[in-house]
1. Tally time: how many residues in region 19-44 are touching an Asp or Glu at 6+ places or on another chain (Cβ under 8 Å) and under 15 Å from Val83 (Cβ atoms)?
2. Of all residues in region 38-84, how many are at pLDDT 90 or above, more than 13 Å from the chain's Cα centre (by Cα) and surrounded by 13 or more Cβ atoms within 10 Å (Cβ to Cβ)?
Amino acid sequence: ILEVPRVASAPIGLLDRLVLRPMRWACGGTVVAARAALARGWAINLGGGFHHAGPDRGEGFCIYNDIALAARALREESGITRVM
């Protein structure tokens, strides 16, 4: 994940503030959009789309898989069994 040498050697605090935290916020936006879509019929998160990551691992530039996180949240909260 983030195999760019400059990023890999950055201090963890800087990496968290500039890379990881914004990606977590974007993933949170996808979870909020999924909840809104369930409640209202549709929603969108323009900041999401980290589809290269797996449900349990990062890959490429994607640390988190926001779609998998949103699907898991809806399954736990709403009892949904299928996600398109």
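1. Residues flagged as touching an Asp or Glu at 6+ places or on another chain (Cβ under 8 Å) and under 15 Å from Val83 (Cβ atoms) within region 19-44 amount to 3.
2. Number satisfying all stated conditions: 4.
The values are calculated or read from the model by the stated rules, or taken from the named source; none is laboratory data. Nothing here was measured: the structure is a model prediction, and the numbers come from that model. Glycine gets a Cβ as well: all are built from the backbone with ideal geometry, and neighbour counts include every protein chain shown.
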